[in-house]
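The values are calculated or read from the model by the stated rules, or taken from the named source; none is laboratory data. All of these numbers come straight from a predicted model, not from anything done at the bench. All Cβ positions, glycine included, derive from the backbone under ideal geometry; neighbour counts span all protein chains shown.
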Amino acid sequence: MLRGNAGMNTKASAGTEIELAMPAIAQPEAAPDTATAAGDTAEDWLCAWCHHRVASEKDRFTHSGQDQFTFRNPDGIRFEIITFSRTLGCKESGMPTLEHTWFPGYAWSYCQCDDCGQHLGWYYTGKTEFAGLIIARIVRAVCANN
């Protein structure tokens, strides 16, 4: 039986209830020191978790006339992404695949923060290469500095 969001109850052998904690979903927390690294500019995009620089505003990439998209994955989870022609602090992870691609003709693989490893979006390869970073997982440096 679930008791709110707090956890799950089970009966111990003596009939007493013990509460087991349910696993939490990782959420970005404000870094203890919100100052960005030296060299970060207001035009930079940072990982929302660790404030590592991952992209620059000047590298926004227009695909089919847009640089912002909203998609749903096969499980129905909605993602809003911004496309960038290159990233500065992300590493590619996984084998590129065309399965369930949001951009026909472009294979995707994961894009993870170089510093903390958080999944920030996807890399796309096809006629050109670009990254789609999840808006909720990145933050502008100007916001982190305020």
Take the conditions within 16 Å of the chain's Cα centre (by Cα), surrounded by 20 or more Cβ atoms within 10 Å (Cβ to Cβ), closer than 18 Å to Q68 by Cα and in contact (Cβ under 8 Å) with a residue 12 or more places away in the chain and apply them to Y106. Does it pass?
no
Counting just the residues of the range 117-146 that are hydrophobic (A, V, I, L, M, F, W, C) and under 11 Å from the mean Cα position of the chain (by Cα), which one comes out farthest from C50 (Cα to Cα)?
W122
Those residues of the range 109-139 which are charged (D, E, K, R) and over 18 Å from F69 (Cα atoms), in sequence order:
D114, D115, K127
Go over the candidates E99, E92, E80 one by one and state the one that is within 14 Å of Y110 (Cα to Cα) and either assigned to a strand (DSSP E or B) or touching a residue at least 40 places away in the same chain (Cβ under 8 Å) (or both).
E92
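Conditions (1) surrounded by fewer than 16 Cβ atoms within 10 Å (Cβ to Cβ); (2) polar (S, T, N, Q); (3) at pLDDT 95 or above, marked per residue:
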{"site": "S64", "(1), (2), (3)": "yes, yes, no"}
{"site": "E80", "(1), (2), (3)": "yes, no, yes"}
{"site": "S85", "(1), (2), (3)": "no, yes, yes"}
{"site": "Q118", "(1), (2), (3)": "no, yes, yes"}
{"site": "G121", "(1), (2), (3)": "no, no, yes"}
{"site": "F130", "(1), (2), (3)": "no, no, yes"}
{"site": "C143", "(1), (2), (3)": "yes, no, no"}
{"site": "N146", "(1), (2), (3)": "yes, yes, no"}
